[in-house]
1. Multiplying the sequence separation of SER48 and VAL21 by 0.36 nm and subtracting their Cα-Cα distance, what value in nm do you get?
2. Reachable aspartates and glutamates from LYS11, Cα under 13 Å, same-chain residues fewer than 8 places away excluded?
3. Kindly provide the helix-only [θ] at 222 nm of the chain, computed as the sum of -39,500 (n - 2.57) over DSSP H runs of four or more divided by all residues, to the nearest 500 deg cm²/dmol?
4. Over the alpha-carbon set of the chain, divide Rg by the Kirkwood Rh and report the Rg/Rh ratio to two decimals.
5. Just need the relative contact order of the chain here, percent rounded to a whole number, with Cα pairs under 8 Å and 6+ apart.
6. Which of THR22, ALA8, GLN61 sits farthest toward the positive end of the charge dipole of the chain, with +1 on the Cβ of Lys and Arg and -1 on the Cβ of Asp and Glu?
7. Assuming R0 = 25 Å, can you tell me the calculated FRET efficiency for the pair LEU58 and LEU38, based on Cβ-Cβ distance, to the nearest 0.05?
8. Restricting attention to region 3-50, which trypsin sites (Lys or Arg not before Pro) occupy a DSSP loop and are surrounded by at most 15 other Cβ atoms within 10 Å?
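Each value in this text was obtained by applying a stated rule to the coordinates, not by laboratory testing. Since we're looking at a predicted model, the values are computed, not measured. Positions of Cβ are generated from backbone atoms using ideal geometry, with glycine treated the same way; all protein chains shown enter the neighbour counts.
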Amino acid sequence: MGFVFDEANVKNEITQMTAVVTEYQSIFTGAVKNPEKLLDERNAKLKSAGIEKVQAELQKQIDAWRAENKK
């Protein structure tokens, strides 16, 4: 079986990050004249929402899965 991420330890962070991504989805429509500024704002909000905690949890789980499955 392949790797499946268990979001239980970072569920709140993922909820907050989803809200941020939804808020800034207009960046990718091509209708925004200066997307760089909005991307910087979005990235700062993602950091505040806990993206680094989610990344660390994901890496921890991948490392454990790889060790268990000798990948």
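1. Numbers: separation 27, 0.36 × 27 = 9.72 nm, distance 1.27 nm.
Full extension from SER48 to VAL21 adds 8.4 nm.
2. Straight-line reach from LYS11, under 13 Å: GLU57.
3. On the way: 3 runs with 47 residues, N = 71.
The helix contribution divided over the chain gives -22000 deg cm²/dmol.
4. Details: Rg = 15.5 Å, Rh = 13.8 Å.
My calculation of the ratio gives 1.12.
5. Values: 34 pairs, mean separation 32.9, N = 71.
With pairs under 8 Å counted, the relative contact order is 46 percent.
6. Selected residue: GLN61.
7. Numbers: r = 25 Å, r/R0 = 1.01.
After rounding, the FRET efficiency stands at 0.50.
8. Numbers: sites: LYS11, LYS33, LYS37, ARG42, LYS45, LYS47; in loops: LYS33.
Those satisfying the criteria are LYS33.
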